[in-house]
1. Name the pairs: first residue in the stretch 36-57 and closer than 11 Å to V22 by Cβ, second residue of a type in the set (G, A, S), Cβ to Cβ under 7 Å, at least 6 apart or on different chains?
2. Which of the following residues is open to solvent by 60 Å² or more (accessible area, probe 1.4 Å), closer than 16 Å to S57 by Cα and over 8 Å from the mean Cα position of the chain (by Cα): E34, E30?
3. For the stretch 37-57, enumerate the residues that are open to solvent by less than 30 Å² (accessible area, probe 1.4 Å) and under 9 Å from the mean Cα position of the chain (by Cα).
4. If I ask for residues that are out of contact with any strand residue (DSSP E or B) (no Cβ under 9 Å at 6 or more places or on another chain) and not aliphatic (A, V, I, L, M), which ones from the stretch 21-41 would you list?
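The values are calculated or read from the model by the stated rules, or taken from the named source; none is laboratory data. In this text, all values refer to a predicted model and were calculated from it rather than measured experimentally. Virtual Cβ from ideal backbone geometry, glycine too; neighbours counted across all protein chains shown. Surface areas here come from the heavy atoms of the whole protein model, side chains and all, with no ligands, DNA or RNA. Shrake-Rupley method; radii C 1.70, N 1.55, O 1.52, S 1.80 Å.
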Amino acid sequence: MDPDKVVCTCLNITNGMIKEAVENGAKTLEEVQELTGAGTVCGVCLDDIQHLIDEFS
């Protein structure tokens, strides 16, 4: 996994930022959205974000 790969292009959120949010206690998509903002603009990346949450949990 490339930590610098952008997952959410609307807000330029990377894999590494999602991983950091999970490591800091975010366990759900909603919690990751609160911490990072990822997936809150157009929503196209929501499945990718959920996959990363599952992978990092």
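1. Matching pairs, first to second residue: T36/A21; I49/A38; I49/G39.
2. Numbers: E34 fails: closer than 16 Å to S57 by Cα.
Residue meeting the stated conditions: E30.
3. We begin by selecting, within the stretch 37-57, every residue open to solvent by less than 30 Å² (accessible area, probe 1.4 Å); these are 37-39, 43, 45, 49, 52-53.
If the condition is that a residue be open to solvent by less than 30 Å² (accessible area, probe 1.4 Å) and under 9 Å from the mean Cα position of the chain (by Cα), then G37, A38, G39, C45, I49, L52, I53 are the ones that fit.
4. E23, N24, G25, K27, T28, E30, E31, Q33, E34
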